[in-house]
Amino acid sequence: MATHPTNIRFINPSTLATPPGFTHVVEITKGRTIFIAGQVAFDPSGKIVGQHDFRAQTQQVFENLKAALAAVGTDFTGIS
């Protein structure tokens, strides 16, 4: 089993679809840097939202980003 430095957290929020082979959020706690994987229009069960509806898909992507940010205790106002 690989070990990771203690200043790195790998987070997959339960409110997002389970990713295949990657982590939704990586937090570097020293210096507080957050990395969020590219998001797509999947609901928490992994089903596509708004097929053929760009607006619905965009809304879902932003909901997913909101959930990813919430997993590390921040929101869109914390992005710089």
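The values are calculated or read from the model by the stated rules, or taken from the named source; none is laboratory data. Note that this is a predicted model, so its numbers are computed, not measured. We place every Cβ from the backbone using ideal geometry, glycine too, and count neighbours over all the protein chains shown.
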Specify the residue that is nearest to the chain's Cα centre (by Cα); the eligible residues are those in region 53-79 that are β-branched (Val, Ile, Thr) and farther than 10 Å from Ala41 by Cα. Val72
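Pick out the one residue from Asn12, Asn64 that is farther than 19 Å from Phe76 by Cβ and surrounded by 13 or more Cβ atoms within 10 Å (Cβ to Cβ). Outline the logic, then answer.
Details: Asn64 fails: farther than 19 Å from Phe76 by Cβ.
Matching residue, one of Asn12, Asn64: Asn12.
Residue-by-condition table, conditions (1) modelled with pLDDT under 95; (2) surrounded by fewer than 16 Cβ atoms within 10 Å (Cβ to Cβ); (3) out of contact with any Lys or Arg (no Cβ under 6 Å at 6 or more places or on another chain):
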{"position": "Leu16", "(1), (2), (3)": "no, no, yes"}
{"position": "Gly21", "(1), (2), (3)": "yes, yes, yes"}
{"position": "Val26", "(1), (2), (3)": "no, no, yes"}
{"position": "Lys30", "(1), (2), (3)": "yes, yes, yes"}
{"position": "Thr33", "(1), (2), (3)": "yes, yes, yes"}
{"position": "Ala41", "(1), (2), (3)": "no, no, yes"}
{"position": "Gly50", "(1), (2), (3)": "no, yes, yes"}
{"position": "Ala56", "(1), (2), (3)": "no, yes, yes"}
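Could you list all residues from region 1-52 that are hydrophobic (A, V, I, L, M, F, W, C) and in a loop (DSSP other than H, G, I, E, B)?
Of everything in region 1-52, those that are hydrophobic (A, V, I, L, M, F, W, C) and in a loop (DSSP other than H, G, I, E, B) turn out to be Met1, Ala2, Leu16, Ala17, Phe22, Ala37, Val40, Ala41, Val49.
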